[in-house]
Amino acid sequence: MEFTGIPQKTVTAREAGLVACTRCNRAWPLGTDVCRRCGKTLVSRDVFSLQKVWALWLVGLMCYVPANMYPMLRTQQLFTVDESTIIGGAVDLAHYGAFGIAAVILVASVVIPLGKFWAIAFLAVSVRSKGTFASGKRLLMYEIVEYIGRWSMIDIFVVAILSALVQLQGLASITPGPAAFFFALSVIFTMLSAQAFDPRMIWDAQSEDDKAFENV
Amino acid sequence: MGVLHPPRYRYMWRMSDAMNLTKTPLEELIVCPICDATYQLQRPKAGERAVCVRCHKVLIAPRYKAGMQIIAIAIASVVLVIAASVFPFLEISVAGRTNAVSILDAALSFTRGPMLVLALLTAGFIIFVPLLRMLLTLYVLIPVVLDRPAAKHAVWAFRISEAMRPWSMAEIFALGCAVALVKVADLATVSFGPAFWMFGVLVVLVIAQDGFMCKWSVWNSLEYPKKR
Ligand SMILES: [Zn+2]
Ligand SMILES: [Zn+2]
């Protein structure tokens, strides 16, 4: 690694009397409404962002409950009809010995969504309460949530491929269940919730801690 | 020297105090969108990356001839998306009965009642969003690379393209295919159509394009079309 400058203390745009455009990284004088380079509405800190985060988070969670209760797949083979939920489908796969795929499904549809709900809630709470958790760790959490959230859509795509492919008249057919609809909505709303979070707030709590520390 | 160097990580210079920052012209500052740290602009050389000291976000990552490469990739991707979505993608056969589907068929398999919304979303995430992003990228970057004035509404085009980035899910669909294949493997014989291989190449191109694109460089060239 090449260091062209050794940091001592960073200066934030807000401390310098500036407001940053989070879309194109341009600086403007504090109080400017709209970025003249890319047209984004400028706010030093998005104070309403937490309300948006919580509202979208709640809708996502409300969609996640029926997504697990209703069947995800309806498999028709000769005379038997088999409806399986997300978890039921993964358990079936494990019974057949496909442990790897069962694990992928469980991770993508259960572990990641639940972890994401917890992580977003944790981030939103932690910017309010100071000094509980280092900024670096909270940032890592934010990045993981941002990066990994989209991957939950994999289950929807599996259902789409299966229902299109397995259409063999009289022999076997697969149709999507209502859970697919709710699950997709849940993923979309949690993605929107994570996008609404203003990560700059992570660092504000920390710098207030630093000041408190210096005063001691 | 004959030795290949890995991309060098270059930390940003940090202004020592707020007094100096206010004297610097605004266009010579860059602010980290993640942590609000403000820096005096220092352009890294091609292949180097300027990284935020505080949160390690990559702020500028120019590449030599990136514009040309991105345009080439985008043109190839547009052709591949269209071809991959109409040609047969997967074919299943059990006891003499066969069913071949395209990616478009897969996306549009949700067609009952509210499932139609899901069909449109799925088709959007795997076909239309990637396609639209590629077209917008071409629209924005071709004038920039040719040293022409920015295209009309180029700012809007690039904004939409960037906003759609998380909703372009071709690579996730690819992993979904793998899972679906294992699920039907014991039920039937599955064979791959030409679209399957096209889609595989497309996923690699989409990922490469995201890696080549330096967002800041594009915004900067839209603001100063001639200087670059
Ligand atoms: Zn801007
Ligand atoms: Zn930063």
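Bear in mind these aren't lab numbers, they're just calculated from the coordinates by the rules spelled out. The structure displayed is predicted, hence computed values, not measured ones. No Cβ is skipped: glycine too gets one built from the backbone with ideal geometry, and neighbour counts run over all protein chains shown.
Say the cut-off is 18 Å between C-alpha atoms; which of A:LYS137/B:LYS57; A:LYS52/B:LYS57; A:LYS116/B:LYS183 go over it? Over 18 Å apart, Cα to Cα: A:LYS52/B:LYS57; A:LYS116/B:LYS183.
Remark: mean inter-chain Cβ contacts per residue of B:40-52 equal 1, using a 10 Å Cβ-Cβ cutoff to other protein chain atoms. Counting only alpha carbon atoms, the long axis of helix A:86-95 and the longest principal axis of chain A meet at about 60°. Of the residues A:MET201, B:ALA61, A:ALA55, the one whose Cα sits farthest towards the positive end of the charge dipole of the protein assembly as shown is B:ALA61 (charges of +1 on Lys and Arg Cβ, -1 on Asp and Glu Cβ, taken about the Cα centre).
Computed from Cα positions, the angle between helix B:170-185 and the longest principal axis of chain B comes to roughly 30 degrees. Axis angle, to the nearest 10 degrees, between helix A:154-165 and the longest C-alpha principal axis of chain A: 30 degrees. Within the same chain, aspartates and glutamates fewer than 8 places from B:LYS23 are excluded, and of the rest, those with a Cα less than 19 Å from its Cα are A:GLU15, B:ASP36.
Pick out, in residue order, every one of the chymotrypsin sites (Phe, Trp or Tyr not before Pro) in segment A:17-94 that is DSSP loop and has at most 15 other C-beta atoms within 10 Å; say none if there are none. Taking segment A:17-94 and a limit of 15 other Cβ atoms within 10 Å, the loop chymotrypsin sites (Phe, Trp or Tyr not before Pro) found are A:PHE48, A:PHE79. Using Cβ point charges alone (K and R +1, D and E -1), the dipole size of the protein assembly as shown about the Cα centre works out to roughly 1460 debye. Per Stokes-Einstein, at 10 °C and 1.306 mPa s, what whole-number D in µm² s⁻¹ belongs to the protein assembly as shown, with the Kirkwood radius over Cα pairs as the hydrodynamic radius? In µm²/s, the coefficient is 66. For A:CYS38, B:CYS32, the sequence from fewest to most other C-beta atoms within 10 Å is A:CYS38, B:CYS32. Pairwise Cα separations in segment A:120-172 fall into 10 Å bins from 0 onward with the following percentages, short to long: 19, 29, 18, 15, 12, 6, 1. Listed from fewest to most Cβ neighbours within 10 Å, the set B:HIS56, A:HIS95 follows the order A:HIS95, B:HIS56.
Between the C-alpha center of segment A:75-110 and that of segment A:166-188 there is a gap of 13 Å. Shown for A:TYR142, B:TYR64: other C-beta atoms within 10 Å of each C-beta, ranked fewest to most, produce the order B:TYR64, A:TYR142. Of the beta bridges in chain B, as assigned by DSSP with both residues counted there, near 85 percent are antiparallel. Shown in residue order for segment B:203-211 are the 3J(HN,Hα) couplings computed by the Karplus curve 6.51 cos²θ - 1.76 cosθ + 1.60 at θ = phi - 60°: 4, 4, 5, 4, 5, 4, 5, 4, x Hz (x for Gly and Pro). Relative to its residue count, segment B:66-223 spans a Cα convex hull of 113 Å³ per residue. Estimated at 0.36 nm per residue, the fully extended path between A:VAL34 and A:ARG128 surpasses their Cα-Cα distance by 31.1 nm. Think of the protein assembly as shown as having a plus end and a minus end, set by charges on the Cβ of Lys, Arg, Asp and Glu; of A:MET191, B:LEU135, A:ALA94, B:LEU135 sits farthest toward the positive end of this dipole.
Here the convex hull built on the C-alpha positions of segment A:46-215 has a volume of 108 cubic angstrom per residue.
For segment B:48-63, backbone phi angles converted through the Karplus equation (6.51, -1.76, 1.60; θ = phi - 60°) give residue-by-residue couplings of 8, 10, 8, 10, 5, 5, 7, 10, 6, 5, 6, 9, 9, 9, x, 10 Hz, Gly and Pro being listed as x. Along the axis of the charge dipole computed for chain B (Cβ charges of +1 for Lys and Arg, -1 for Asp and Glu, origin at the Cα centre), the listed residues B:LEU90, B:LEU175, B:ALA76 are led at the positive end by B:ALA76. The simple Förster model, with R0 at 35 Å and r as the Cβ-Cβ distance, assigns A:LEU58 and B:GLN40 a FRET efficiency of 0.25.
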